[in-house]
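J.: Pasting a structure here, questions to come.
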Amino acid sequence: MLTTNTISPNSGSKKSSKRVGRGNGSGKGTFSGRGMNGQNSRSGGGVPDWFEGGQTPLFRRMPKMRGFSNARFKKHFNVVNLSQIETIAKSGVTDITLETLIKHNIVSKKNLPVKLLGAGELTSKVTLTVDSASNSAQEAFKNAGGTLNLSTVESE
């Protein structure tokens with residue numbers, strides 16, 4: 001039976017550290033496992049973790065990365081293609097908004113603006129509300145006789 005007075009840790013899990021500098025009979029006397037002289041034998045001595053023994057360090061072997069990256073300021077959009085609009089239209093929906101796109105699992109991020117691109121064909125006459133559209137997508141909407149409502153929301 002297991003009781004609180006019979007609980008003990010697993011054998012070997014609580015190994016006590018070897019006490020150093022307590023006489024040569026202990027096996028860790030005189031130099032206490034540090035060797036004789038040198039940087040690592042000194043109190044507070046040692047080299048940093050990134051030290052490579054005098055070899056040219058990694059950060060100096062790599063080229064300096066210069067220049068400017070515009071990635072932080074890029075505008076992000078939920079991208080929707082004409083072919084995806086066509087599949088929604090074939091299901092009988094004529095008025096397509098952000099909520100419709102989310103419901104049909106075409107758009108996943110609600111906080112990003114929606115941009116319509118011209119990949120695919122559009123034959124159905126639908127009303128679509130998006131934030132932005134490419135020229136080819138606008139042309140395809142005109143040719144299909146649909147209505148494209150653009151809002152001017154900027155993405156961050």
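J.: Which number in (1) of a type in the set (Phe, Trp, Tyr); (2) assigned to a loop (DSSP other than H, G, I, E, B); (3) within 40 Å of the chain's Cα centre (by Cα) marks the one condition that residue 59 misses?
T.: (2)
J.: So which of 55, 84 ends up being more than 30 Å from residue 17 (Cβ to Cβ), in contact with a Leu (Cβ under 9 Å, 6 or more places away or on another chain) and modelled with pLDDT of 90 or more?
T.: Working: 55 fails: in contact with a Leu (Cβ under 9 Å, 6 or more places away or on another chain).
That would be 84, the only listed residue that is more than 30 Å from residue 17 (Cβ to Cβ), in contact with a Leu (Cβ under 9 Å, 6 or more places away or on another chain) and modelled with pLDDT of 90 or more.
J.: Something else: Pick out the one residue from 7, 85, 102, 106 that is loosely packed, with under 11 Cβ neighbours inside 10 Å and of a type in the set (Val, Ile, Thr).
T.: Of 7, 85, 102, 106, the one residue that is loosely packed, with under 11 Cβ neighbours inside 10 Å and of a type in the set (Val, Ile, Thr) is 7.
J.: Mind telling me which of the residues 68, 51, 77, 59 ends up being surrounded by 10 or more Cβ atoms within 10 Å (Cβ to Cβ) and over 30 Å from residue 136 (Cα atoms)?
T.: Going through 68, 51, 77, 59 in turn, the sole match is 51.
J.: Restricting attention to region 109-134, report how many residues are part of a strand (DSSP E or B) and out of contact with any Ser or Thr (no Cβ under 6 Å at 6 or more places or on another chain).
T.: 6
Here's the yes/no breakdown for (1) of a type outside the set (Val, Ile, Thr); (2) assigned to a helix (DSSP H, G or I):
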residue	(1), (2)
35	yes, no
54	yes, no
67	yes, no
72	yes, yes
107	no, no
136	yes, yes
142	yes, yes
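J.: Within the set of pairs 6+ apart or on separate chains, which have a first residue in region 56-79 that is without any contact (Cβ under 8 Å) to a residue 12 or more places away in the chain, a second that is surrounded by 10 or more Cβ atoms within 10 Å (Cβ to Cβ) and of a type in the set (A, V, I, L, M, F, W, C), and C-beta atoms under 8 Å apart?
T.: As it stands, the answer is 57/51, since those pairs meet every condition given.
J.: What are the residues in region 81-100 that are over 29 Å from the mean Cα position of the chain (by Cα), assigned to a helix (DSSP H, G or I) and under 18 Å from residue 117 (Cβ atoms), if any?
T.: 82, 83, 85, 86, 87, 88, 89
The values are calculated or read from the model by the stated rules, or taken from the named source; none is laboratory data. These numbers come from a predicted model, not from an experiment. We place every Cβ from the backbone using ideal geometry, glycine too, and count neighbours over all the protein chains shown.
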